[in-house]
Amino acid sequence: MNFAIGRLFTVRSGSFTTLLKCVLSSRTFDLPFTSDSPVESPSAAKFEIPLITERKLDKSPFCSGSRSARQAWLETLKPLPTSSPTASEGESFPLSPVGIVDLHPDVFAVFPRLDLVHKNLYWQAHYRMVDWRCITTRAELPYRSNRKPWPQKGTGRARHGNRRTHIWVGGGQCKGPRGPESYFSILPRDVRLAGLLSMLTIKHAQDDLHIVDDMALSDSLEQQAKDILHETLQPIVNDLDQMDPLSAANRTRVYRFTKAMNNAAIYLRQLVDARRWGPSVLFVTESNSPFDALTSSLSVGNSNLSNPEDTINWDDLPNLAIHLACSAYANHVEAEQSPETSMYSFEAVAPRATHPGRGLTLMPLHGLNVWSMVHHDTLVISLACLEQLESRLLTAQRCLVRDEALEPPNFHPTLSEALALSEQPESLENDTEGLDQSSRRHFSDRLESVYAKRVKLS
């Protein structure tokens, strides 16, 4: 691998043929196959990907001179063809790249602002916190009377009005928290954007960013996931099986579904360990879970619910195996110990610390954040997701902040305008669209709730 990299950097003439020969002469495709692992057999493996993946990068959003594009190896999650059928388990997934991808320098080669990364981490750790502490004031005591404990004079005691004050044992409290109090806040848009760009640059500089052609695993695992999903969608004919979740039919379905999830998790864990991607890996896809498309296909008003084969478009459900692999650990944690565990002995009984799905996280592109990238050792992005990620981040760098650019300047109203508004209070409340921008300098837009404003700013 080092020899290949050295030969790539010696090519200065820009000849594509020379570069192609350098990589082809030093790249090996010897992928051993073991019968114990859930890796697909070499005969069934199909791999057709160009060596050099050319991408037309967008223009830089800045006026400065354009910088050279960064490059990264293009890898795959599928098993490569092999020639030797016997090998050790650690050699089942070699580190041989299958191509080269250009990365935009304004996304993966910015100056890393660690201070802004820390601000993003602090914000994500605190914006969901709610302080539920609430003291009981003397007006809220249900068991204390408001009468005077003794007369004002003649007893020799200190004067008191009632026993609810804080100087009495069991009295009300004062100067304490009056919750619930939310710590919700929104960071400025530029700070959030700089945090994402800094973390992407850091991951690429530390060789913790990996680009894959697709999130699909082996063909056998993908077909097994589709078969299990099709079997799960089949209606239960027996009424007793519908009422009894511990029936033989339901337990068989759960067993086969759990086994498919664990097979995919074992495959992905072996791949991660063999390539030394770290115990925790964040996989980023370009779309939501395929089960969302499945839910939309099986809508309430659909008349073909009795025949899922005709209703579901299987082309809209790609990469089912990796979704099952990453959700295997979450399902194991939530289930604790399922009823079928006592009757069947399979891989799901493994403890949490050694579960194959532990540390494998699958996230859609719109959920990518600084916290997740920091708390995962490796970031894996598909080619389609890379296109959308660069497009969105470059668009975010080009667009201006609305409060500074899109809104017209708001001036203070004159004396005549202020008197006219004070004489017509009803028109101010009922017809907010007809007012001039200068007369509404504090609320240039239509008045709305604080929640809607926070959602708009986010």
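Please treat every number below as a calculation from the coordinates, not as lab data. Here the structure is a predicted model, which is why all the values come from computation and not from measurement. Reconstructed Cβ throughout: ideal geometry from the backbone, glycine too, with neighbour counts over all protein chains shown.
Highest mean packing first, where packing is the average number of other Cβ atoms within 10 Å per residue, the peptides 141-153, 117-129, 254-266 line up as 254-266, 117-129, 141-153.
Return the FRET efficiency for the residue pair Ala396, Ala330: r is the Cβ-Cβ distance, R0 is 30 Å, and the value is rounded to the nearest 0.05. That pair, Ala396 with Ala330, gives E of 0.45.
Put simply, the amide H of Cys134, placed in the peptide plane, has neighbours under 5 Å in Gly179, leaving out anything fewer than 5 places away on its chain. Here the 3J(HN,Hα) profile of the stretch 377-391, calculated from phi with Karplus coefficients 6.51, -1.76 and 1.60 at θ = phi - 60°, is 6, 10, 10, 10, 10, 7, 5, 5, 5, 5, 4, 5, 5, 5, 5 Hz, Gly and Pro shown as x. Listed by Cβ neighbour count within 10 Å, with the fewest neighbours leading, Lys78, Lys175, Lys226 appear as Lys175, Lys226, Lys78. When Ser68, Ser182, Ser218 are arranged by Cβ crowding within 10 Å, least crowded first, meaning fewest neighbours, the order is Ser68, Ser182, Ser218. Considering all different alpha carbon pairs of the stretch 166-289, the Kirkwood hydrodynamic radius works out to 20.7 Å.
Checking the Cα-Cα distances for Lys56/Lys226; Lys59/Lys203; Lys203/Lys259; Lys153/Lys175; Lys59/Lys119; Lys78/Lys226 against a 27 Å cut-off, the pairs over it are Lys56/Lys226; Lys203/Lys259; Lys153/Lys175; Lys59/Lys119.
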